[in-house]
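Bear in mind that the values in this text are calculations on the coordinates, not laboratory data. None of these values were measured; they are calculated from a predicted model. Neighbour counts are summed over all protein chains in view; Cβ atoms, including those assigned to glycine, are modelled from backbone coordinates with ideal geometry.
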Amino acid sequence: MQDDNKKIIIKTLELFKKYGVKSVSMDDIAKALAVSKKTLYTYFDSKDLLIKDTICYVFTEHFSKIDRILEKDLSPLQKIILIYRYGINQMVSYDPAFYFELKKYHISAHKHYEKYKNEIIFETILGLLKEAQEVNEIRQDLNLNLFCEIHLFKIDEILADPEFNTQYSTQQMLNHLVVYNLRGIVIDASLID
């Protein structure tokens, strides 16, 4: 990624986190960068493209962090908890409007968001659950795909609710959304304490 593009994306992300997607205009982004709107359009010919590239940048950062977690000498279940702790911390740092506006007004960028989310849940997390099942840390009769769909796939939608994510601490949300569900499938609960 070119330095100028990255600089624009980082500033745009800052604004999106604070104000959501819809209320931030290309004028606002240009002003925050101290460049003309015309200059901004030489890098990104539409707001939709800038949003899509910002989503791609965000998930590149997420995958990098997840890779560092996966390299740690921990059990698969401990890695899942660390990944979700990181993810929840990231999600609550955004204005909740960001997720709803992305889905409603920027369908192309939202498709990228969903694609990356699916990759994290149904490749990384599911892979860790399979690994835990192979070493008898979790129940053998568990349908892992179904577990992911029921207990993990919609966490972002729950966290995007402003009433929810301001009412509870990150640790409370992690415990109730992830840890307690994992405790229900482990053979020995001490594996995730």
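At a glance:
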{"item": "For the chain, built as a Gaussian network whose Cα springs stay under 10 Å, the top-fluctuating residue of GLN172, GLN78, GLN133", "result": "GLN172"}
{"item": "Residue exposure sequence - MET26, MET91, MET173 - by fewest surrounding Cβ within 10 Å", "result": "MET26, MET91, MET173"}
{"item": "Top of ALA97, ALA32, ALA132 by mean-square fluctuation, Gaussian network on the chain, Cα under 10 Å", "result": "ALA32"}
{"item": "Average Cα contact separation per residue, the chain, under 8 Å, 6 or more apart, as relative contact order %", "result": "26 percent"}
{"item": "Entries in LYS52/LYS79; LYS17/LYS72; LYS52/LYS130; LYS6/LYS154; LYS47/LYS115; LYS47/LYS117 that, when Cα-Cα distance is taken, lie over 24 Å", "result": "LYS52/LYS79; LYS17/LYS72; LYS52/LYS130; LYS6/LYS154"}
{"item": "Inverse of mean 1/r across different Cα pairs in the range 46-192, Kirkwood, Å", "result": "16.1 Å"}
{"item": "Residue of LEU182, LEU74, LEU152 that the Gaussian network model of the chain assigns the largest fluctuation, springs spanning Cα pairs under 10 Å", "result": "LEU74"}
{"item": "Contact order relative to length of the range 77-173, as percent, for alpha carbon pairs under 8 angstrom and 6 or more apart", "result": "45 percent"}
